[in-house]
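First comes the structure, then the notes that go with it.
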Amino acid sequence: MGSVLEQLINGLGTGSIYALIALGYTMVYGIAKMINFAHGDIIMVGAYVLYVTVTQFKLPVIAAVAITVTFCAVLGITIEKIAYKPLRKAPSLAVLITAIGMSFLLQSLALLIFNANPIAFKSIIDVQTVKLGNTTVSGVTLVTLIVTMICMITLSLFISKTKAGSAMRAVSEDKAAAQLMGINVNRTISMTFAIGSALAAVAGILFVCQYQSIKPTLGALPGIKAFVAAVLGGIGSVPGAMIGGVLLGVIESISKAYISSELTDAIVFGVLVLVLLVKPSGLLGKNRIEKV
Amino acid sequence: MQNIVKEKKNNSFTKKNLLITAGIILGFLVVMYLAEGNLLNRQYKSLIVPIGIYIILAVSLNLTTGFLGELSLGHAGFMAIGAYTGALITLNLNMPEAVEFIIALIVGGFIAAIFGVLIGVPVLRLKGDYLAIVTLAFNEIIRSIINFLGITGGAMGLSKIPRYTNYIWVYILVVLTIVIITNLVNSRHGRAISAIRDNYVAAESIGLKVSKYKVMAFVIAAFFAGIAGVLYGHNLSVLKPADFDYNKSIEILVIVVLGGMGSVRGSVIAAAVLTILPEVLRAADDFRMLLYAVVLIAMMLFNSSGIRTKLEESGKLPKLPKLTRNRAK
């Protein structure tokens, strides 16, 4: 058991992966008003694509990463077009069930193609462990922190500065009004899914580099935890997702180290329940007013 | 208006009930014949009990998902509570089989129902997506606590649970579940529950206690899930926390969705179909999960397409209650 600082840094590493996934949830929720349950499984797909491109096709790391991210982005758009778009006017329960179905579909396809045995995967990140005084930080954690930082800054700039970003904000504010202003709503929604899925792919790559094993259910738990992070930060809010993700990672790593590793999941979900009861809109979320 | 409704009910009371009683007895004879006769081989006979258990689970989940209109992803959690409570009772009591089992069933159901209250009350503040996630979270919390506790055997689980569950018990409990849930749904309380699903704000504004009915639906569903859990444990004779994960909840949800949300009959048929189908398609066992996924997606796309409405209007499909759009705009 390392020092508290070490646990904090580890938590920060896992937390920033959660934050990346949570960003996808939050953006999709902001725009499409739905929980994309299949989002967690995009991580798994990303991990498998990376595995195939690196070990089967023997591609260089950069190319493999690029292919993985593109593949997941296209997958995200496809899922939206096939499963969610026809249900845009349907009740939320129907959309939620479809999303759960999609998540199951991705998992069972992976199960059929790669079977249930976990595949060992050697990390593609080759960075030495860094020692700072008494605390050691593994190379993977360091790279994870840097990559997530870059992704978040880029995303924030994209959303606040570019035209496409403001289109996204407009659609999430009011779909009909955005359409009247000449924004292509369908394209904006597709773009959101693409960005969210690309971020999930990055998270997937970082995740397998950390845990070095791939299985079809790999995405389920981080997916749900990232969702908890998104809710914790206030769903629909981009900075909220980042804070929520990091916070959750730290809580998880601290409780794993000092309370009980078996109860970690219970604690993480307990946090979710608590947050929803005390402040249902999350830390940074806006209160929704019920209209008749 | 109320008088007319009451009168109508009284008229249909005797004839309908006689028919139902006859149907129940006939159904029992059929099940007995299937279980004891030579019509089925052992593989299919062993499916009778699981079908019954899934019917109880699906019908009770239908109360929350179909009639109340709230997605609950924690049904396997209630089932786990019932299963473990029941198993611990029969493992530790030294009483005659029937007495022990009845106590296990009742206590298992009640403990699950108490957890239903514990979960139902805080969950009241939420609805829709959030509520679904919290129920999922509770399922995971229950599972990891069972995994952690010593009395439940941790990850190894419990074994050597007496195999008390047989088709007679299952049949009686399936009938009880269906009768109670159908009666509830058709009663004043059931109409209130459906009204909350159809229009939450309107239901509240005519004075329905939304919270009360929500908790009621949750608790009753949890009670029956607990009973199904007791049956499940005493059928398999081993219990592991991993049996009651999120996938189990989804499995039950698939049954409810395929049968039609808000249709008890549909749940019964779908439970039978989805339990038998993987056995028939043994070779396609790997495709089972895929099948579930496709069923979920296809049913949702079908329900919201125009085809469903047309078929319902021409009388080829029974009409299901329409879920309201409660998505934030």
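The values are calculated or read from the model by the stated rules, or taken from the named source; none is laboratory data. This is a predicted model, so every value here is computed, not measured. Using ideal geometry, Cβ is built from the backbone for each residue, glycine included, and neighbour counts are taken over all protein chains shown. Heads up: the accessible areas ignore ligands, DNA and RNA and are worked out on the full protein's heavy atoms, side chains in. Shrake-Rupley method; radii C 1.70, N 1.55, O 1.52, S 1.80 Å.
Looking only at region B:266-288, count how many residues are open to solvent by 20 Å² or more (accessible area, probe 1.4 Å), without any contact (Cβ under 8 Å) to a residue 24 or more places away in the chain and not small (G, A, S).
Count: 10.
Could you count how many residues in region B:271-293 are away from chain A (no Cβ under 14 Å) and part of a helix (DSSP H, G or I)?
So the count comes out to 9.
Could you go through region B:137-146 and let me know if any residue there is open to solvent by 20 Å² or more (accessible area, probe 1.4 Å) and either part of a loop (DSSP other than H, G, I, E, B) or more than 10 Å from every other protein chain (Cβ to nearest Cβ) (or both).
no
Return the residues of region B:120-136 that are assigned to a helix (DSSP H, G or I), farther than 19 Å from A:A230 by Cα and within 11 Å of chain A (Cβ to nearest Cβ); say none if nothing qualifies.
Of everything in region B:120-136, those that are assigned to a helix (DSSP H, G or I), farther than 19 Å from A:A230 by Cα and within 11 Å of chain A (Cβ to nearest Cβ) turn out to be B:V121, B:P122.
Of the residues A:A99, A:A116, A:A110, which single one is in a loop (DSSP other than H, G, I, E, B), within 11 Å of chain B (Cβ to nearest Cβ), within 26 Å of A:F227 (Cα to Cα) and touching a residue at least 60 places away in the same chain (Cβ under 8 Å)?
One residue alone meets the criteria, A:A116.
Could you tell me which of the residues B:I89, B:I142 is more than 28 Å from A:Y29 (Cβ to Cβ) and aliphatic (A, V, I, L, M)?
B:I89
Tally up the residues in region B:147-164 that are at the interface with chain A (Cβ under 9 Å from one of its Cβ atoms) and of a type in the set (A, V, I, L, M), please.
Of the residues in that region, 1 qualify.
I'd like the full set of residues that are open to solvent by less than 10 Å² (accessible area, probe 1.4 Å) and in a loop (DSSP other than H, G, I, E, B), limited to region A:37-59.
Result: A:A38, single match.
Just for region B:77-119: of the residues that are part of a helix (DSSP H, G or I) and open to solvent by 70 Å² or more (accessible area, probe 1.4 Å), which one is modelled with the lowest pLDDT?
Among those that are part of a helix (DSSP H, G or I) and open to solvent by 70 Å² or more (accessible area, probe 1.4 Å), it is B:E97.
Looking at region A:84-121 only, could you name the residues that are of a type in the set (D, E, K, R), at pLDDT below 85 and surrounded by 12 or more Cβ atoms within 10 Å (Cβ to Cβ)?
A:R88
Can you tell me which residue within region B:166-211, out of those that are out of contact with any helix residue (DSSP H, G or I) (no Cβ under 9 Å at 6 or more places or on another chain) and among the charged types (D, E, K, R), is nearest to B:F67 (Cα to Cα)?
The extreme case among them is B:D198.
Restricting the search to region A:122-148, which residues are open to solvent by 90 Å² or more (accessible area, probe 1.4 Å) and either free of Cβ contacts under 8 Å to residues at least 40 places away in the same chain or in a helix (DSSP H, G or I) (or both)?
Of everything in region A:122-148, those that are open to solvent by 90 Å² or more (accessible area, probe 1.4 Å) and either free of Cβ contacts under 8 Å to residues at least 40 places away in the same chain or in a helix (DSSP H, G or I) (or both) turn out to be A:D126, A:Q128, A:K131, A:L132, A:I146.
When you look at B:S263, is it open to solvent by 20 Å² or more (accessible area, probe 1.4 Å) and not aliphatic (A, V, I, L, M), yes or no?
yes
With the requirement that a residue be touching a Leu at 6+ places or on another chain (Cβ under 8 Å) and closer than 10 Å to A:G76 by Cβ, what does region A:200-225 give you?
Selection gives A:A200 alone.
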